[in-house]
Structure formats: structure tokens, C-alpha cells
Amino acid sequence: MRRSLLFIPANSPAMLQNADIFASDAVIFDLEDAVALSEKDAALHLLDQYLDSNQLDQIEIVVRINGLDTKLGYKDLEVIINNRIDTIMLPKATPKTTLTLSHFLKRMEKKKKLTKKIGIIPIIELASSVLEVSAIAKIDRVNGLLLGGEDLATDLEVGRTKNGQEIFLARSLVVLAAKANQIDAIDTPFTHTDDEISLREDSILAKSLGMNAKACIHPLQIETVNEVFSPSQEEILFAQKIIKAEEKALKENKGAFSVDGKMIDKPIIYRAKKLLAKAEKWNLL
């Protein structure tokens, strides 16, 4: 379960050292866009050394590698794959590259005798990938889909706007593919780091479409994103009412029941239990 994922440049010692103090549910150590070509090797080895000497048990460790259309991506994997990381983030993902990564991880886990199964978050940032997002979501190890709004806008040859009208359809398609496969739908970062009001509006819109998490590019964005994507107290109280009413209905052998005048069925009960699980995980009960 995720709400916020914070990008941290892998070539920034100061940011790396502070990775465990941020309140994000996951940190994404970035070896791709945040690192200049001349610094790729140094960033990779700096991140490797950092993960060797630091225990980050309370947050998910994600590494955004370079694309698998270059030798850099495979070099990243050879060095960084270990029990220290939880997930690989794949840029400009396609069904082919995502499947290739899944098979590669399986071989590396066996070769390195890992004790965990490493997940994959493909970044959906090409027009072709948006159209193939359902196929990507079905691939083994994929546990979330991240919409890459900036690169997608470039591929579409349109400008990015604060209201995100140009990525509305892409957001919806990513949500549908994620939910159909019971994985996370992760929204694109909001790039205006000094505009908290618009960040909140953008996050609320994304949540209303079905996104359950959002990537962040600045630590100051985490609090707002966590707040928006967390269950509200009103939602928690209603979910608790549903579970309590369900228990009573089962004792009375009732197949249907209502809460606050609303008929409750299996999908609503399932959502209530899922919401309460999130609330418990994030200490909101």
C-alpha cells in the first residue's frame, strides 16, 4: 500500500543521507533523469555503497534504472539487485521491456540467491504504452503503474497544464489497467514545487479518478499527498459502521442490510475492509 513515493537523485549524498527521515511510503532512488550521463557510474556506485551501509526497513526502496534500450539499464541491475531493494522502476516501459525485466530479475534472484521477489513499477510515459497499458499491468512482478505526465506530454506534442486536461484520458486508462489487475495506480508528479494549493487540487483530481498514490519530486510535497490519499476520518467511521453492521447481519442470517440509509453489498464491504486496512497501516484508526 502506497500513498507517496519520493524521487531522490542517486548522485546527491545529502539527499541520500536524509532518505529515511522523510514521511513518504517509498523512496525512488533515481539513476535515470536526475543524473547526467557523465555521472551515471558515480551515482550507481554511490547508491550501492549507501544501501550497503544503511538500513531502511520502514519504507519501500525503489530504484529507477536507466532504460533497457541502453547498456546502462542492465549495468544498473547487475550492480544494484540485492535483498536491500524492493522494487525496480522501469522508464518508458513497453510490454516487451517489462517482460524482459521480469525474466531478468528472476534469473538474478536465482544467481544471487535472494530471499525476496523484487517487484516492478513500469512508467507509462509513451503514447504507445498508454494504449498497451493493460498488457503491461498483467506481467508478473508488476505491482504498480506510474503515469509519467511530462514525457507523455512530450510524446503527444502538447504542453503540460496545471489542470492536467492533456493527460486526463491517460490517467483514466492507467487507473483501469491497475484496478483490473489489483495493483497500485500511481499518479504523475506535480512539477510546481512552490504551489501547494494546485498540488492539493491535482492530487484530489487524481484520487477522484481512482489513483491511490502519487509520486513526489520534493519533500515538501509529501505531507499534502499523504493527506489527500489517506482515508479521511469520515470515510473511516463509515467503513467501521459497515463492518459492524455486517457482523450483526451475519448473526441474524440477513443477506442484505443498510447503513445510514444506504444499501450495502459485497463490493462496498470489500472497499470498507480495504480502507480500514490502509487506515491501520498508516496509524489513522
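Considering GLU39, GLU32, which residue is part of a loop (DSSP other than H, G, I, E, B) and in contact (Cβ under 8 Å) with a residue 24 or more places away in the chain?
GLU32
State whether the residues of segment 151-169 include one that is at pLDDT 95 or above and under 15 Å from the mean Cα position of the chain (by Cα).
The answer is no, given that none of the residues of segment 151-169 is at pLDDT 95 or above and under 15 Å from the mean Cα position of the chain (by Cα).
Please specify each residue of segment 188-200 satisfying the condition of being free of Cβ contacts under 8 Å to residues at least 40 places away in the same chain and not β-branched (Val, Ile, Thr).
Result: PHE190, HIS192, ASP194, ASP195, GLU196, SER198, LEU199, ARG200.
Could you tell me which of the residues GLU132, GLU157 is out of contact with any Leu (no Cβ under 7 Å at 6 or more places or on another chain) and surrounded by 15 or more Cβ atoms within 10 Å (Cβ to Cβ)?
Within the list GLU132, GLU157, the selection yields GLU132.
Among the residues of segment 125-154, what is the count of those that are more than 21 Å from THR100 (Cβ to Cβ) and either outside any helix (DSSP H, G or I) or in contact (Cβ under 8 Å) with a residue 24 or more places away in the chain (or both)?
Residues that pass the stated criteria total 4.
Residue by residue, here is whether (1) touching an Asp or Glu at 6+ places or on another chain (Cβ under 6 Å); (2) surrounded by fewer than 24 Cβ atoms within 10 Å (Cβ to Cβ); (3) not assigned by TED's automatic domain parsing to the domain that holds SER24 holds:
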| residue | (1), (2), (3) |
| --- | --- |
| THR191 | no, yes, no |
| ILE197 | no, yes, no |
| GLU201 | no, yes, no |
| LEU205 | no, yes, no |
| SER208 | no, yes, no |
| MET211 | yes, no, no |
| LEU220 | no, yes, no |
| VAL225 | no, no, no |
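Which residue, of ALA215, ALA178, ALA185, is within 16 Å of the chain's Cα centre (by Cα), under 19 Å from ASP33 (Cβ atoms), surrounded by 21 or more Cβ atoms within 10 Å (Cβ to Cβ) and in contact (Cβ under 8 Å) with a residue 40 or more places away in the chain?
Being within 16 Å of the chain's Cα centre (by Cα), under 19 Å from ASP33 (Cβ atoms), surrounded by 21 or more Cβ atoms within 10 Å (Cβ to Cβ) and in contact (Cβ under 8 Å) with a residue 40 or more places away in the chain holds for just one of ALA215, ALA178, ALA185, which is ALA215.
Here's a check for you: in segment 12-54, which residue that is closer than 17 Å to PRO219 by Cβ and polar (S, T, N, Q) is surrounded by the fewest Cβ atoms within 10 Å (Cβ to Cβ)?
GLN17
Run LYS241 past the list (1) assigned by TED's automatic domain parsing to the domain that holds ILE121; (2) modelled with pLDDT of 95 or more and report the number of the one that doesn't hold.
Going through the list (1) assigned by TED's automatic domain parsing to the domain that holds ILE121; (2) modelled with pLDDT of 95 or more, LYS241 breaks only (1).
Which numbered condition trips up SER198, out of (1) in contact with a helix residue (DSSP H, G or I) (Cβ under 9 Å, 6 or more places away or on another chain); (2) part of a helix (DSSP H, G or I); (3) not charged (D, E, K, R)?
(1)
How many residues are among the hydrophobic types (A, V, I, L, M, F, W, C) and surrounded by fewer than 17 Cβ atoms within 10 Å (Cβ to Cβ) when one looks only at segment 135-154?
1
The values are calculated or read from the model by the stated rules, or taken from the named source; none is laboratory data. Just so we're clear, the structure is a prediction, and the values are computed from it rather than from any experiment. Please note: Cβ atoms are built from the backbone with ideal geometry, for glycine as well, and neighbour counts cover all protein chains shown.
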